[in-house]
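Notes for the one structure printed next.
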């Protein structure tokens, strides 16, 4: 065999090796991208749960303020304002983590679509497309977790803020007594909110588990 043919053979093998390495690298990156999405989704769910915990603290202070035996309503009112500020910060964290999760999902799905398009076997390409569609469907439940949480928290926090505003210049016992019917309603709404958040988190975690690489 001539030296020229030998070099050609080496060049072909080198090209094949590079192509295989690129394919393996792309596959490895695909797995890592799924893992990044799973992590981002988990962070979003955690942000939702952290907001729930903070809201529970807020309601504890609220109920202490509204209690008949409250001894320092001025101090409790200031504490309630602080807890509400903390709750709003937690709510903002949900939006922040949701945006990161959405960006990771967009990257994954685009990479997956590009990879599927490169499969020459039509049956395998269809299976990959079908798997992509199924994964998108699973993610759809996760992708809305931030919006669902916002839809639950928003009206509740507005109703609570209305009561805080009402008490802002009128912390005497008669004002608190006038607010008792609204206090009962806000506590009932809080219980429904907590259950709604638990349901939302449960659905999201189920779909996150379906995405997680084994």
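The values are calculated or read from the model by the stated rules, or taken from the named source; none is laboratory data. Predicted model only: the values in this text are computed from it and were never measured. FYI the Cβ positions are ideal-geometry reconstructions off the backbone, even for glycines, and counts take in every protein chain you see.
Tabulated results
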| quantity | calculated |
| --- | --- |
| Filtered residues of the stretch 147-158 (kept if more than 16 Å from residue 54 (Cα to Cα) and surrounded by 17 or more Cβ atoms within 10 Å (Cβ to Cβ)) | 148 |
| Number of the exception - residue 161 against (1) farther than 30 Å from residue 203 by Cβ; (2) surrounded by fewer than 17 Cβ atoms within 10 Å (Cβ to Cβ); (3) at pLDDT 90 or above | (1) |
| Any chance residue 64 is in contact with a helix residue (DSSP H, G or I) (Cβ under 8 Å, 6 or more places away or on another chain), closer than 27 Å to residue 136 by Cα and either modelled with pLDDT of 90 or more or surrounded by 12 or more Cβ atoms within 10 Å (Cβ to Cβ) (or both) | no |
| Odd one out for residue 89, checked against (1) at pLDDT 90 or above; (2) surrounded by 14 or more Cβ atoms within 10 Å (Cβ to Cβ); (3) closer than 30 Å to residue 63 by Cβ | (2) |
| Leading residue by the ranking (surrounded by the fewest Cβ atoms within 10 Å (Cβ to Cβ)) among those in the stretch 186-209 that are more than 19 Å from residue 146 (Cα to Cα) and touching a helix residue (DSSP H, G or I) at 6+ places or on another chain (Cβ under 8 Å) | 187 |
| Scope the stretch 105-132; condition under 21 Å from the mean Cα position of the chain (by Cα) and buried (at least 19 other Cβ atoms within 10 Å of the Cβ); matching residues | 105, 108 |
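Per-residue answers, yes or no, for (1) within 20 Å of the chain's Cα centre (by Cα); (2) in a helix (DSSP H, G or I); (3) in contact (Cβ under 8 Å) with a residue 12 or more places away in the chain:
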{"site": "59", "(1), (2), (3)": "no, yes, yes"}
{"site": "75", "(1), (2), (3)": "no, yes, no"}
{"site": "79", "(1), (2), (3)": "no, yes, yes"}
{"site": "82", "(1), (2), (3)": "no, yes, no"}
{"site": "87", "(1), (2), (3)": "yes, yes, yes"}
{"site": "92", "(1), (2), (3)": "yes, yes, no"}
{"site": "96", "(1), (2), (3)": "yes, yes, yes"}
{"site": "101", "(1), (2), (3)": "yes, yes, yes"}
